[in-house]
1. What's the exposure ranking of Tyr273, Tyr201, going from fewest to most Cβ atoms within 10 Å?
2. Sticking with the crude label model, points 7 Å out along Cα→Cβ, report the distance from Glu433 to Arg70 in nm, one decimal please.
3. Just checking my list (1) -1.25, -1.41; (2) -1.34, -1.55; (3) -1.16, -1.26 against log10 I(q)/I(0) by the Debye sum over Cα atoms at q = 0.13, 0.14 Å⁻¹ computed from this structure; which label fits?
4. Nearest 5 is fine: what % of DSSP beta bridges in the chain come out antiparallel, could you say?
5. Using Cα pairs closer than 8 Å and at least 6 residues apart in sequence, work out the relative contact order for region 20-241, in percent.
6. Which distance in nm do the two modelled labels at Asp110 and Gln163 give, with both placed 7 Å along the Cα-to-Cβ direction?
7. For the chain, what's the relative contact order in percent, using C-alpha pairs closer than 8 Å and at least 6 residues apart?
8. How high is the FRET efficiency from Asp282 to Ala420, r the C-beta distance, R0 30 Å, rounded to 0.05?
Amino acid sequence: MSKTFAVSALLVAALSIRAVAQDARTVIEDASRAMGTAGLNAITYSGLAAVANFGQSRTISFGLASTTIRNYTRTIDFTQPASRVTGVAAPPAVQGGPVPGAFEEITTPDDAAWSRQLEIWVTPWGFLRGAAASGATVKSQKIDGTAYRVVTWMPAQKAPSGQPYRLVGYINPQHLVERVETWTGHPVLGDLHVETRYSDYLDAGGLKVPGRIAQRRIGMETFVALIGSARANPPDLAALMTPSRPVERRAAAAIAAASENVAAGVYRITAGYVALAVEMRDYVAVLGGGGGEAEGQAILAEARRLVPGKPIRYVVNTHPHFDHAAVLPPFAAEGITILTDDPNRYFLEQALSSPRTLVGDALAKSRRRPKVESVVDTLVLKDSTRSIELRHLVKFEHSDGMLVAYLPKEKILFTADVDAAAPSLRALALDVERHIIGGEAK
């Protein structure tokens, strides 16, 4: 290649990049003008909303239970950036569940979690504001016969893996932001896709406001709001943004595992949540646990300290709620087989196999596919030392995929989020001398 040709090619590339940037700026300016965002620094809007109990419902995937929020009001100060949501929550009416009451959610300027900050930047106004301040790009795309201008930009914030986050907005022919999508790292789901759609736009003093907001995560609708009123740059912004009580942000504490011997070869391990390490003749099985990667690594280390020289072959997931499933990636990273109730197998297998480019955890670095096996009704792990009976709870309100573990020799029952008086547990008619609760340690 001649030097002249190389210089020409670089010049053409540079001009193309500049043209794309100018085109993106034009698209953003047109959308900002159509939506009336000139001079917009803050907004408050109100209506009725519903929030799905994502990761904590009786069914872990589609068919999520939801909490209705009456008098839903959200205020965003884009200059900080910060957000405050208030309302009156009416959770699903289930035995032992939360009761109706005041709802408040605060995102402060120093809250660095992208999972919270994204709720500011995926709004139509936040998206355009961020795109205007960033090196946005644009392309044309036709979807179901509609031609969109698709704008992409990246915030300065980086994921734990070091990868940049990304926001993609779809601007329709009327120059309105119709959809915004982004991705955030999730301990169970990996690169979690978050898509928010905006429709039924209203005019609020020249500012365009969607009358309906619907958000999906991995394709499941997790938030819906019907907006009836909105104000741009509210004069009472300070009052709207003032929390009802001081906001506490606890720094992540180092997880230190503690343990006690509850029977010969059976150890209760506390690492945020409670787990059991059970020594079999040729291996170790870990029952339960929860929290996240740090808790999982602490349990692994403590189990190996307690039973040196034997491999950890199984970890038993009592149920798939995220606070109990987020402990699994460190086990999957080491090739340890996950035993879970049959309704959960496909979900956990797919979730832990998803791309994890943003998470940067041990599972992402290992590049292993998780090994997940089902427990259909009952599974018994047995050798000359002892047996562990894994039992499915039938018609259990908290989760459709709930396992309990019973050690008949020691007469020990291990459960998580299961009350001893639960009818489905009592129906098992187990001879129990000690009941160990595997939930969050108090």
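1. Numbers: Tyr273 24, Tyr201 19.
Exposure proxy ranking, most exposed first: Tyr201, Tyr273.
2. 5.3
3. Correct label is (3).
4. 90
5. That works out to 22 percent.
6. For the pair Asp110/Gln163, the computed spacing is 3.0 nm.
7. Result for the chain is 12 percent.
8. The pair Asp282/Ala420 has a calculated efficiency of 0.40.
Every number here is computed from the coordinates shown, using simple stated rules; none is lab data. Everything numeric here is computed off the predicted structure, so don't read it as measured data. Glycine also receives a Cβ, built like all others from the backbone with ideal geometry; neighbour counts cover every protein chain displayed.
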